[in-house]
Ligand SMILES: NC(=O)c1ccc[n+]([C@@H]2O[C@H](COP(=O)([O-])OP(=O)(O)OC[C@H]3O[C@@H](n4cnc5c(N)ncnc54)[C@H](O)[C@@H]3O)[C@@H](O)[C@H]2O)c1
């Protein structure tokens, strides 16, 4: 039975992933700065500051893989991005290398490409276009993933998660929602694929409203089961589409992958995005 360490395990994604990862047969080491008290069979929790490399080296001993979740998860000020998403990422990746952990699944985000207009599906080769400070922090982790894979030989899957949730919560998330079981499946690919070197995939479930060309994930064996299309009527009832051509329809929250993140603090004309 393989053991996977989850950093930031007490958060929304860590909590949602526990049951499907246990169901896939993993033993889980749950690491967070907050205490986790509801461990089930095959789970163990430790309070660890995931910016503390020495503590992480100790925690990672004997672990088969890491799911790196802890980060600054809002568009907060730069100092917080640097502390949690940059320094924290360095601590986790360095500790993995020192402890001899062979694999990492890195929780990246669609916000690393959020300022692309939604005029076509985008693949994993597009220019990085973070839509805010948060996206820059996440993009840093992709660069760390590349370095530690190609230079140090760890096997790393960077997953640009859309919105991990029980179901899609609005129209934008219809196109980037990922069901917990599908995210666990992607992580399992990161933990198991023998031929994995470094890959960037999109963490989205299956949808006919696809916004991402996720062919690299499918090539690695990903077969999502979540069906966002089943939620369209419910989502449209609470989040109806704006009138075509209206100011609301042309706003960046509608026209870019990043939604509100793109809109916040945007200066000047969106024409430069095209
Ligand atoms: N929620 C989503 O849909 C989504 C989408 C895209 C990417 N992601 C990525 O997935 C990861 C998890 O997101 P989330 O929604 O669960 O975030 P969250 O804010 O709910 O959870 C983050 C967790 O990290 C912990 N943490 C923060 N600083 C820490 C530290 N120094 N040491 C240890 N733990 C620390 C927090 O206590 C918290 O439990 C993040 O990297 C995020 O960027 C999430």
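Please verify whether the range 128-140 includes one or more residues that are under 25 Å from residue 196 (Cβ atoms) and more than 14 Å from the ligand (Cβ to nearest atom).
Checked against the condition, which is being under 25 Å from residue 196 (Cβ atoms) and more than 14 Å from the ligand (Cβ to nearest atom), the range 128-140 yields at least one hit.
Could you tell me which of the residues 122, 104 is at pLDDT 95 or above and within 13 Å of the ligand (Cβ to nearest atom)? Steps first, answer last, please.
Details: 122 fails: within 13 Å of the ligand (Cβ to nearest atom).
From the options 122, 104, the qualifying one is 104.
Taking the condition of being assigned to a helix (DSSP H, G or I) and in contact with a strand residue (DSSP E or B) (Cβ under 7 Å, 6 or more places away or on another chain), how many residues in the range 181-210 meet it?
Quick first cut of the range 181-210, residues assigned to a helix (DSSP H, G or I) only: 181-192.
Those still in the list that are in contact with a strand residue (DSSP E or B) (Cβ under 7 Å, 6 or more places away or on another chain) too: 183, 186-187, 189-191.
Within the range 181-210, residues that are assigned to a helix (DSSP H, G or I) and in contact with a strand residue (DSSP E or B) (Cβ under 7 Å, 6 or more places away or on another chain) number 6.
The rows are residues; the columns are (1) within 16 Å of the chain's Cα centre (by Cα); (2) closer than 20 Å to residue 152 by Cα; (3) within 12 Å of the ligand (Cβ to nearest atom); (4) surrounded by 20 or more Cβ atoms within 10 Å (Cβ to Cβ).
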residue	(1), (2), (3), (4)
165	yes, no, yes, no
169	no, no, yes, no
174	no, no, no, yes
190	yes, yes, no, yes
194	no, yes, no, no
201	yes, no, no, yes
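For the range 109-121, give me each residue that is in contact with a helix residue (DSSP H, G or I) (Cβ under 6 Å, 6 or more places away or on another chain) and buried (at least 21 other Cβ atoms within 10 Å of the Cβ).
109, 111, 112, 114, 115
Within the range 255-274, can you find the residues that are in contact (Cβ under 8 Å) with a residue 24 or more places away in the chain and at positive phi?
Within the range 255-274, 259, 265 meet the criteria.
Find the residue count for the range 51-69, including only residues that are in contact with a strand residue (DSSP E or B) (Cβ under 7 Å, 6 or more places away or on another chain) and within 20 Å of residue 149 (Cβ to Cβ).
8
Within the range 212-253, which helices (runs of 4 or more DSSP H) (wholly inside it) include 1 or more residues that are without any contact (Cβ under 8 Å) to a residue 60 or more places away in the chain, within 25 Å of the chain's Cα centre (by Cα) and under 20 Å from residue 160 (Cα atoms)? If you could, list the steps in order and put the result at the bottom.
Numbers: elements: 215-219, 232-238, 247-250.
Those helices (runs of 4 or more DSSP H) span 215-219.
Please note which strands (runs of 3 or more DSSP E) are completely contained in the range 1-101 and include at least 3 residues that are over 19 Å from residue 190 (Cα atoms) and more than 8 Å from the ligand (Cβ to nearest atom). Lay out the reasoning, then the answer.
On the way: elements: 3-7, 27-32, 43-47, 65-68.
So the answer is 43-47.
The values are calculated or read from the model by the stated rules, or taken from the named source; none is laboratory data. Computed from a predicted model, the values in this text were never measured in an experiment. Cβ atoms come from the backbone with ideal geometry, glycine included; neighbour counts cover every protein chain shown.
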